[in-house]
């Protein structure tokens, strides 16, 4: 169990237990509007970026940027270039639309990795990640530190991680020695500067005061792909946003696709709309179409065409045999703009073939 998750869980329990205060308990103070707090946070964070420097060392001489190698401190006589002004690690930002606010979230990448699949897996905001990290306040107070790898789901921790961690890519593990010890290599590394609205906001916790912006330095070692709604479609294909920042909810039932086991609301579960069967030596097998087909078919699986992704409703001529259902054409499985049948309310089983 990682420390960020512990803080989040205890905070949740604290809110739960104080939800029904005793008669003599003071009335809880209502949270301030996000639209009022965020501009204050942005000023604090930008002042911090202009008054602090970042320094990367390689104390263990392994050629990697570990959390322990990342130093952020106030400018002084020997460190005169701020995070804001330095160019070695370009200051980047992402706009996060949440709570009716456009949060501008600053971050730095220390790993030098290009944003390509060849550089490693990129998590989506509901995947599980293996990380190390350090959490601090703007005054330098360290409230959490996990130098050794810990694993957690991104939706179980402070909100900012869900949005910023997908800007980074994981690495790989290099086996070392006969004992099977693994060494992480080419992993993601960076720092995020979170407004309080994407942290603990009005609740605070322990020595983390209410409305405190947070600084997290971190390493991203590995990503585990998850399927939140157990529909055989990985979250990375369903975790998508509308222009207003809300998660896409095809059937507008209040449950985003990534958590909805019937994405189009047609009464048929998604898992049943993306499966197909084949018969081998008199035995019927059920398999599931991948969201996007592979580039090349695997000759070792003659009854399954791996190049076929989840199809749209078949558009070929009707079969000449009862029940005279439509037949498929190749484009039904590969057309990039096709409306996949699990997202088409008018496309229901039986589908044909």
Quiz item: Just to be sure, is residue 121 in contact with a strand residue (DSSP E or B) (Cβ under 7 Å, 6 or more places away or on another chain) and part of a loop (DSSP other than H, G, I, E, B)?
Solution: yes
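Okay, residues lined up against (1) in a strand (DSSP E or B); (2) crowded, with 21+ Cβ neighbours inside 10 Å; (3) over 16 Å from the mean Cα position of the chain (by Cα):
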{"position": "155", "(1), (2), (3)": "no, no, no"}
{"position": "169", "(1), (2), (3)": "no, yes, no"}
{"position": "182", "(1), (2), (3)": "yes, no, yes"}
{"position": "197", "(1), (2), (3)": "no, yes, yes"}
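Yes/no per residue for (1) closer than 19 Å to residue 142 by Cβ; (2) not in a loop (DSSP other than H, G, I, E, B):
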| position | (1), (2) |
| --- | --- |
| 30 | no, no |
| 40 | no, yes |
| 44 | yes, yes |
| 82 | no, no |
| 87 | no, no |
| 96 | no, yes |
Exercise. Return yes when residue 165 is under 11 Å from the mean Cα position of the chain (by Cα) and either in a strand (DSSP E or B) or under 23 Å from residue 94 (Cβ atoms) (or both) and no when it is not.
Key: yes
Practice problem: Please tell me if residue 233 is surrounded by 21 or more Cβ atoms within 10 Å (Cβ to Cβ), over 30 Å from residue 29 (Cβ atoms) and touching a helix residue (DSSP H, G or I) at 6+ places or on another chain (Cβ under 7 Å). | Solution: yes
Quiz prompt | Selection count, region 268-302, where residues are surrounded by fewer than 10 Cβ atoms within 10 Å (Cβ to Cβ), free of Cβ contacts under 8 Å to residues at least 12 places away in the same chain and in a loop (DSSP other than H, G, I, E, B) | solution = 5
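Which one is modelled with the lowest pLDDT among residues in region 199-229 that are part of a strand (DSSP E or B) and farther than 23 Å from residue 125 by Cα?
Among residues in region 199-229 that are part of a strand (DSSP E or B) and farther than 23 Å from residue 125 by Cα, the one modelled with the lowest pLDDT is 205.
The values are calculated or read from the model by the stated rules, or taken from the named source; none is laboratory data. Computed from a prediction, not measured in an experiment: that's the story for all the values here. Methodologically, a virtual Cβ is constructed for each residue, glycine included, from the backbone with ideal geometry; neighbour enumeration extends over all protein chains shown.
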